[in-house]
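Below is one structure, written out as structure tokens; comments come after it.
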Amino acid sequence: MTAHDPKLSRRSLLTGAGALVIGFHLPRAARAQSGAGAAYRPGGNAAFAPNAFIRVAPDSTVTVLVKHIEFGQGPFTGLATLAAEEMDAAWSQMRAEHSPADVKLYANLLFGVQGTGGSTAIANSWEQMRKAGAAARVMLVQAAASAWKVPAGEITVSEGIISHASGKKGSFGEFAEAAAKLPVPENPPLKPASAYKLIGKEGAVKRLDSADKARGKAQFTIDIHAPNMLTVVVARPPRFGGKVASFDAADTLEVKGVVDVKQIGSGVAVYANGMWPALKGREVLKVTWDESEAEKRGSAELIAEYRKLAHEPGTVAGSHGDAEAALAKADKVIEAEFVFPYLAHAPMEPLDGYLEWDGQQALARFGSQFQTTEHQTIATILGLPLEKVSLETMLAGGSFGRRAQVSQHLAAELAMAAKAIGPNRPVKVVWTREDDLAGGYYRPLFVHRLRGAVKDGKIVAWANHIVGQSFFLGTPFEAMVVKNGIDATAVEGANEIFYEVPDFRCEVHNPKVGVPTLWWRSVGHTHTGYAVECFVDELLQAAGQDPLQGRLAMMGDKHTRAAAVLRAVGEMANWKGPGPVDGRARGVAVVESFSSFVAQIAEVSMGPDGEPKVHKVWCAVDCGVAVNPDVIRAQMEGGIGFGLGHALYGEITLDQGRPVQTNFHEYRSLRIHEMPEVEVKIIASTAAPTGVGEPGVPPIGPAVANALAALGHGRPRQLPVKGGTV
Amino acid sequence: MRTALLSAAAGVGLCIAGTALTLAQSASQSQPGGASLRPVGSFSNITNQRDRSVALFNEMGKVLTHPRCMNCHPAADRPRQGDIRKLHEPLVVRGKDGHGAAGLHCSACHGKQNFDPARIPGDGHWALAPASMAWEGKAVAQICEQLKDQNRNGSRDLAALVRHVTTDTLVLWAWHPGRGREPAPGTAAEFGALMQAWADTGAACPAS
Amino acid sequence: MVSLKVNGTTHNLDIDEETPLLWAIRDNIGLTGTKFGCGIAQCGACTVFVDGQAQRSCVTPVSAVAGSEITTIEGLAGKEAEAVQAAWTSRDVPQCGYCQSGQVMSAIALLKENKKPTDRDIDLAMNGNICRCATYVRIRAAIHDAARALEI
């Protein structure tokens, strides 16, 4: 049994005599919270809804219920840090588990629904979890004060030990039961930053999940087994928008281990006793597809269309001065067109989900990133009231945006697969890597056409036409991000830039294409960061300016945090210009994303095989208060590797609408020998913390491209730089 | 290197014993989809023995320069893969005995037989040819000289060479490379016959 | 019927002989530390030891390993395993963690053969294991840590 054993987890929510439960949530939900402690029924109560963030067990372990999915970016550790800090708990007593799906208690304060994304976990929970911890501490202290008959103000807490000058000492567990009977304080005081023992302290906190993950003990969705469970793989249309016309399952049903075959909304589902028979069964399944409404354009056709569109007026996403007039009178217009391919997220754990139902109630267990909408989708498809459906969030093997599904297609497929086979046959739907790469929901293909002019050493005009699909227009999420017809995620980072250019314009086209697309780690910044930071570098070069000093000069005094990370990274790398020196050149880029600022310098040479070699990356990040410095470093390292791998090699190509790359041998992923050395500096800050899961990604591509320009290879106009292997 | 090669060859002998029947059955056939080889008999109209020997070797060259052979006779340390001869991913190298680097031997992925569901080729002694037998980038004439050179070919005389190409399971694999790969031209038996005829006609090499 | 000896225990399984060892281990034997990532030996998440040698279980049919000693991450023992897993934990290598069973297996395989690997040795042994979170900086550091720990 491990900390992540699903059975134990669920049981432990229901049992554990003498436990203290602290709830603290949205102010408007404060009424519901006031009875959180009293509502907990030691000894187990099947109707118990764990409407709480903190649970103290009789053995003094403190379990933080985390509403954000943990898929590597560190919310288990981060949110536990916040709670532990205010509780004055010892780190060794801290645990973390996913909270259940419950929008009333666990909505993301920035979304209004329960969900993870936009690098918001720490930003959202900064106040919430500290207050939850502080409330717990107040109640434990009060319980001890009552028991010891001393004033609460004389009691201290350190490393999880409650003590009084009289020599009395006690653990959290000893006072949990008594504390649970006390009222929850409305607005418990928070520590001043000067008193922090864990937040921002190097080495004070280790990840809560490392030990299990190093020992194969962490439980992911794909690891779920249940009696009578069927493994399900689905044959999906080879082109997007295709439908099942007919199918012949005779050969499939002959495969030993195959139990049944059913048509469901997303294709034809093969049910089997285990993955291998399911795959063998699907291999011999004969499906005729109706492709009358399928998307049949390939990447080449789309790029050609987008290029044309980039010359036509679009929706204005940003404008000041008169860029067209300024360009018209410029001595020379510098023009650059950048093409970005479709990209797959390819999380190591492919999409999967588990669902059991008996016709009356259901339990879904999977790496749900948008619990609220997925919960509703499953209930709707199964025809059950929401309260009869439980959704347990599992650890997920990466996401990079893939599990944050606007369409809820995985939850829907899971529910449809369960419904089609009928009650009391638990199903585990598993996607293969081939399903994943051919399955769409890609980072959209984008074209940026940039024009600019320089005069007297300065950039005087800037115009950018952006063309690419919106994955929000026409979805339930549209209201959240689409304003005045502009999908903010398509233009973020490009419609406003750090650099003071007197005449500026940014226009966007969102053509309709039948390829499902989705946000991909750092969303719009995946392409705008590259286009903007390559083009500014190119213009500065034309203006005879140093890439780093030139950027700083154009930032004026409005972008102090961006300027600060840029200066910091310059100092780290001992920047003396791009070079090259001894065959190695340096490129710089700085991007703000999700309210965090990241500047990177990449040192690059060209390998004998024509592949760029990135030797070292210096990275300065300002994400406000650094809650877990080592998690921030890890996210910068990982973001750099993820961004670099895709900039160099990543591409999903469509050939007449069909995805070409089928697995990692064609969708080339960064490997250890291609990973640069990384040095990270975290800028000290007192600003409220912002995200780190995504912001490490955008600068690396343009930093490498700018170094390649210094090496004489130009800034690659079409990504990936090297290409995959197809 | 020489010792390693010889010990590897000894290993081959053991492998063959176990699979002789299979090989005997398959030597005259090959996986469909490959190009053909001219039969030995079709060279009999070349009256000059040396010219005939050269012509026979040029015909053998179709096999030797085929991706099935060339991919694992690389010039550098890293093999290529597939009919398009792309660099092997992951990055694997010859290593100290031709079986890969410490921690990532060929056998980590390549089993004793092809595994067609995943399109992974396999053989009892999947390995890279020794550096002395690098063919990549070489003309057929150079490969010919190299093949005959006992300092580079594992101390094989002509008879041993013929025996090698007609009995070594890894050589014979080229005609049964599994799903997704084009087999070497002709059949193993035809190739063996060409080589025997080439040896019998003085093992002459094309002019370089 | 196929007989597999995994972590010292023999299992007789009524499965197709072509079944990859990966799925036999996961679905039929119920050991889930060994992960599926690609199914074509490109990512290394499924790495196990067969008679002490690292092998990709996703492309190994069970028929090929009947009679072999198979070790999964659940059955690890020995000083290399201890050193590697301790280093992985203390360096906080994992992010999502899904590939890490395979990374750990490959790292142990390397250290069993090479007590003091250089960066190049680590590249050559570990590049068969993909980590989409790109935890590579720490994987490298942790292997060096483990090698140092083994010297003592």
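A few notes on this one:
- Chain pair C, B: total accessible area buried, heavy atoms, 1.4 Å probe, Å²: 1700 Å²
- Label-point gap, in nm, between A:E254 and A:V316 - each point 7 angstrom along Cα→Cβ: 6.8 nm
- Solvent-accessible surface (1.4 angstrom probe) belonging to B:S107, in square angstrom, nearest 10: 50 Å²
- Alpha carbon Rg of the range C:79-151, scaled by the compact-globule rule 2.2 N^0.38 Å: 0.95
- The rule of thumb for compact globular proteins, 2.2 N^0.38 Å, goes into the C-alpha radius of gyration of chain A 1.01 times.
- Centroid-to-centroid separation of the range A:386-422 and the range A:659-698 [C-alpha atoms, Å]: 26 Å
- Scalar couplings 3J(HN,Hα) for the range A:192-206, obtained by applying the Karplus form with A = 6.51, B = -1.76, C = 1.60 to θ = phi - 60°, are x, 4, 5, 9, 5, 10, 10, 4, x, 9, 4, x, 6, 10, 10 Hz; x denotes Gly and Pro.
- Cα centroid separation - the range A:583-628 against the range C:6-60, whole Å: 38 Å
- Mean partner shielding of peptide C:50-60, defined as the number of other chain Cβ atoms within 10 Å of each residue Cβ, is 5.
- Across the range B:182-192, rounded Karplus estimates of 3J(HN,Hα) from the backbone phi angles (6.51 cos²θ - 1.76 cosθ + 1.60, θ = phi - 60°) give 7, x, 4, x, x, 10, 4, 5, 5, 5, x Hz, Gly and Pro being marked x.
- Accessible area per residue for chain A, computed on protein heavy atoms with a 1.4 Å probe, is 35 Å².
- Helix-only [θ]222 nm of chain A, DSSP H runs n ≥ 4, -39500 (n - 2.57) each, per residue, nearest 500: -8500 deg cm²/dmol
- Of the three principal axes defined by the Cα atoms of the range A:208-317, the extents in descending order read 60, 49, 20 Å.
- Computed on chain B, with alpha-carbon pairs under 8 angstrom and 6+ residues apart, the relative contact order is 34 percent.
- Between the range C:88-138 and the range B:90-151, the alpha-carbon center distance in angstrom: 25 Å
- Accessible surface of A:R307, taken over heavy atoms with a 1.4 Å probe and every protein chain present, rounds to 90 Å².
- 29 Å Cα-Cα threshold exceeded, pairs from B:K96/B:K138; A:K191/A:K483; A:K169/A:K681; A:K213/B:K86; A:K213/C:K115; A:K455/A:K613: A:K191/A:K483; A:K169/A:K681; A:K213/B:K86; A:K455/A:K613
- Over all directions, the projected convex hull of the C-alpha atoms in the range A:505-630 averages 11.3 nm² in area.
- Under 19 Å of direct C-alpha separation, and excluding same-chain neighbours fewer than eight residues apart, B:K148 reaches these aspartates and glutamates: B:D51, B:E59, B:E136, B:D157, B:D168, B:D200.
- Once the Cα atoms are used to define both axes, helix B:2-26 deviates from the longest principal axis of chain B by about 80 degrees.
- Average Cα contact separation per residue, the range A:276-402, under 8 Å, 6 or more apart, as relative contact order %: 21 percent
- Model label zone, C:T118; criterion: amide N under 20 Å from point 7 Å along Cα-to-beta-carbon; scope the range B:131-147: B:131
- Scaled radius of gyration (Cα, divided by 2.2 N^0.38 Å) that chain C gives: 1.02
- For the segment C:81-94, counting C-beta atoms of other chains within 10 Å of every residue's C-beta and taking the mean gives 5.
- Taking the 1.4 Å solvent-accessible surface of chain B as the whole, the part contributed by carbon and sulfur is 56%.
- Eligible aspartates and glutamates near A:K296 by straight Cα distance, threshold 12 Å, same-chain separation 8 or greater: A:D655
- What a 1.4 Å probe finds exposed on the range C:2-75 is 39% carbon and sulfur by accessible area, rounded to a whole percent.
- Accessible surface buried by the C/A pair amounts to about 4600 Å², both sides summed, 1.4 Å probe.
- Panel note: the C-alpha atoms of the range C:2-75, placed on their principal axes, show extents of 28, 24, 20 Å (largest first).
- Under 18 Å of direct C-alpha separation, and excluding same-chain neighbours fewer than eight residues apart, A:K256 reaches these lysines: A:K280, A:K286.
- All-pairs alpha carbon distance profile, the range B:2-200, 5 Å steps from 0, percent: 1, 7, 15, 21, 22, 18, 10, 4, 1, 0, 0
- Here the accessible area of chain A is 52 percent carbon and sulfur, with a 1.4 angstrom probe and all protein chains present.
- Legend: mean number of C-beta atoms from other chains within 10 angstrom of residue C-beta atoms, peptide A:630-638, equals 4.
The values are calculated or read from the model by the stated rules, or taken from the named source; none is laboratory data. Please read all numbers here as calculations on a predicted model, not as lab measurements. Note that we place each Cβ from the backbone using ideal geometry, even for glycine, and neighbour counts take in every protein chain shown. Accessible surface areas use protein heavy atoms only, side chains included; no ligands, DNA or RNA. Shrake-Rupley method; radii C 1.70, N 1.55, O 1.52, S 1.80 Å.
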